[in-house]
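The values are calculated or read from the model by the stated rules, or taken from the named source; none is laboratory data. On a predicted model such as this, the values are computed, not experimentally measured, just so you know. Counting neighbours? That spans all protein chains shown, and the Cβs are built from the backbone with ideal geometry, glycine included.
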């Protein structure tokens with residue numbers, strides 16, 4: 001699946017949430033995610049190389065965690081993300097397979113997340129990354145083969161502008177937290 005993703009560093013979480021409430025939007029409950037990020041040994045940022053992410057997600061303490069394997073590739077010249085996600089039943093076995101394929105673990109990132117579904121294939125997230133002072137928000141919009149990336153990206157930027165948010169952050173959470181990749 002192809003996605004256009006735009007991330008912003010929030011000036012104020014409270015102000016942002018008030019803006020959304022004024023529009024009749026409300027975040028769902030907070031849930032926890034933990035990512036282990038893997039890259040190929042020859043990884044170079046901007047080279048179109050894949051990243052593998054083993055994600056643990058806990059939405060309720062009385063329910064079992066959900067594990068998934070995510071393959072991500074950022075295509076620099078078209079400014080899109082190729083994202084494929086697969087549910088994993090055995091976390092340890094999947095992590096061992098990633099290592100056997102020649103990937104190396106470079107980071108672990110934990111976050112508290114809330115979300116709002118903005119339409120078919122479009123989500124708005126509010127993230128608090130452990131170890132980072134700021135809150136971040138991002139909009140992820142799925143696009144079809146014939147959809148214009150620039151048009152979708154401009155629509156997302158207009159949405160953020162209407163919410164008075166303009167501190168775009170191109171770095172991944174791994175780069176923000178560890179300064180790597």
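Assorted remarks:
- Checked against the criterion of being surrounded by 16 or more Cβ atoms within 10 Å (Cβ to Cβ) and either over 13 Å from residue 53 (Cα atoms) or in contact with a helix residue (DSSP H, G or I) (Cβ under 8 Å, 6 or more places away or on another chain) (or both), the stretch 85-97 has at least one qualifying residue.
- Residues located in the stretch 57-83, provided they are at negative phi, surrounded by 14 or more Cβ atoms within 10 Å (Cβ to Cβ) and touching a helix residue (DSSP H, G or I) at 6+ places or on another chain (Cβ under 7 Å): 67, 69, 80
- The stretch 38-50 residues that are in contact (Cβ under 8 Å) with a residue 60 or more places away in the chain, paired with ones that are surrounded by 13 or more Cβ atoms within 10 Å (Cβ to Cβ) and assigned to a loop (DSSP other than H, G, I, E, B) (beta carbon under 9 Å, 6 or more apart): 39/49; 39/181; 40/49; 43/49; 43/181; 45/181
- Residue 53 meets each of the listed conditions (1) without any contact (Cβ under 8 Å) to a residue 24 or more places away in the chain; (2) surrounded by 13 or more Cβ atoms within 10 Å (Cβ to Cβ); (3) farther than 25 Å from residue 176 by Cα apart from (3).
- Residues of the stretch 91-119 satisfying the condition of being within 20 Å of the chain's Cα centre (by Cα) and free of Cβ contacts under 8 Å to residues at least 12 places away in the same chain: 117, 119
- Those residues of the stretch 152-170 which are surrounded by fewer than 15 Cβ atoms within 10 Å (Cβ to Cβ), touching a strand residue (DSSP E or B) at 6+ places or on another chain (Cβ under 9 Å) and either free of Cβ contacts under 8 Å to residues at least 24 places away in the same chain or assigned to a strand (DSSP E or B) (or both), in sequence order: 168
- Total residues in the stretch 171-181, condition surrounded by fewer than 17 Cβ atoms within 10 Å (Cβ to Cβ) and assigned to a helix (DSSP H, G or I): 2
- Within the stretch 122-151, the set of residues being part of a loop (DSSP other than H, G, I, E, B) and at pLDDT below 95 comprises 131, 132, 133, 134, 144, 145, 146, 147, 148.
- Where a residue in the stretch 76-90 is closer than 19 Å to residue 169 by Cβ and its partner, wherever it lies, is assigned to a loop (DSSP other than H, G, I, E, B), with Cβ under 8 Å and at least six apart: 76/46; 76/48; 83/1
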